[in-house]
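One structure below.
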Amino acid sequence: MLGEYRIEGRRAAEIAASVERAVGSGELEPGQVLPPMRELADRLGVNPNTVAAAYRTLRERGVIETAGRRGSRVRPKPVTTARELARPDVPPGVRNLSDGNPDPALLPSLAEAFAAAAELSDRRPVLYGEAGVDPELARAARADMDADGVPDGPVLVTSGSLDAIERVLSVHLRPGDAVAVEDPGWHSVLDLVPALGLRAVPVGVDDEGPLPDDVRAVLAGGARALIVTDRAQNPTGAAVSATRARALRAVLGEYPETLLIEDDHGHRIVDVPLHPLAGVTRHWALLRSVAKAYGPDLRLAVVTGDTETLDRVQGRQRLGPGWVSRLLQRAVVHLWAGGEVDSRAVAVAYGRRRDALIGALAGHGIEAHGRSGMNVWVPVPDETGAVARLLHSGWAVAPGARFRTGAPPGLRITVSTLGVDEARPMADAIAAAVGPAPARRYV
């Protein structure tokens, strides 16, 4: 079960620290099963309640997860493990469609934008005590949101989408609170929520977004927050439709104290309209990252929301990093103003690649999903076997286990760099790996 590693300690804190050290060093790997509490208690000569307290601490820190009678195991991406250790191993010569990255060929050159931002900073240096948000960035971001029907609110800047989600959750919730999350959903959110000491409660997703009945059930059960991906949902490509938005707003209207977080990271790379849910609940936030349109290394997201939420986030941000580099913000303003990214052309390019693969799979009788963004989700009966067989045939895809809790198995295929002429060979390989499957809902 644990190989050569022996968990040590007499107190709960010591036992938890022993496990955490082993996970951080790699001696305990993601997915590795831990001993049952009574067995470990006997081995260490302590009360089972002591081990139970240690395991509870590890769960709250996002190091382990517990699955009822299946016991406790190290999380797939524990907070004490380097991100690189969780990446799939893609051998040389294998076509990598597993990483979730945008197509570098569709990203703009950053040299001119940063040169212009640096020149402006030379003339007007940003010093302590100045506003954390560049006024031009705030105006441009707010104008975009106004055009998309997002309710009025102040604008803040964070270091990417996940930073924004973490900050909003942290200023409203306490350890043990339940958060409704999409299933399948973004694996980083599925890991972040328990790392904050919160409980992730899954809600099903179809091509039009979260299922209203599932959302109603988890909110009725006490979930205090709901995280929704408006467009380009990762991993399924779902996008909240106008009809679904009305249904979800009606549900949220029944639970106005719900903290609503909307992630619109697909802004500027999608060709479907935004249908925001914000404005129904007392506390809400909507965020937009620039990572997919301008590159993941631009660690910047703009956030709007109700005044109380944004004030809390800003106050906590001042006590930590203070602000996101105004040099970076000015570079993004330059990119927006210069039109270096043709959003329509990018959305069309990704759409053609998704449609080509989905169509080729349909020719084999294989169900696939991808309404927006750069990913396609393929339900399969056995994702482990399918991933292995595809890797053997020269294609690397992401196993669905990284993105789901209770949803059925599937594969996530990032089509951002998949040529239209590659869609049929890719579909042929998938068909050989999984065979045709009857249509079924992927929730």
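The values are calculated or read from the model by the stated rules, or taken from the named source; none is laboratory data. Predicted model only: the values in this text are computed from it and were never measured. Methodologically, a virtual Cβ is constructed for each residue, glycine included, from the backbone with ideal geometry; neighbour enumeration extends over all protein chains shown.
Values for this structure:
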quantity	calculated
Members of segment 364-395 found to be surrounded by 13 or more Cβ atoms within 10 Å (Cβ to Cβ), part of a loop (DSSP other than H, G, I, E, B), more than 23 Å from the chain's Cα centre (by Cα) and among the small types (Gly, Ala, Ser), listed by number	Ser393, Gly394
All positions within segment 20-47 that are in contact (Cβ under 8 Å) with a residue 40 or more places away in the chain, buried (at least 19 other Cβ atoms within 10 Å of the Cβ) and touching a Gly at 6+ places or on another chain (Cβ under 9 Å)	Leu28, Leu34
Strands (runs of 3 or more DSSP E) contained entirely in segment 137-243, each with at least 3 residues that are surrounded by fewer than 21 Cβ atoms within 10 Å (Cβ to Cβ)	199-206
Hey, Asp214 under 14 Å from Tyr255 (Cβ atoms), in contact with a Gly (Cβ under 7 Å, 6 or more places away or on another chain), of a type outside the set (Ser, Thr, Tyr) and not assigned by TED's automatic domain parsing to the domain that holds His369 or not	yes
Of all residues in segment 298-332 being assigned to a loop (DSSP other than H, G, I, E, B) and under 16 Å from the mean Cα position of the chain (by Cα), the one that is surrounded by the most Cβ atoms within 10 Å (Cβ to Cβ)	Leu300
Residues that are at positive phi, out of contact with any strand residue (DSSP E or B) (no Cβ under 6 Å at 6 or more places or on another chain) and at pLDDT 95 or above, drawn from segment 149-207	Gly149
Matching entry among Arg38, Arg123, Arg56, Arg70 (being of a type in the set (Lys, Arg) and either touching an Asp or Glu at 6+ places or on another chain (Cβ under 7 Å) or assigned by TED's automatic domain parsing to the domain that holds Leu319 (or both))	Arg123
Segment 6-52 - residue that is part of a loop (DSSP other than H, G, I, E, B) and among the acidic types (Asp, Glu) and, of those, nearest to Gly71 (Cα to Cα)	Glu29
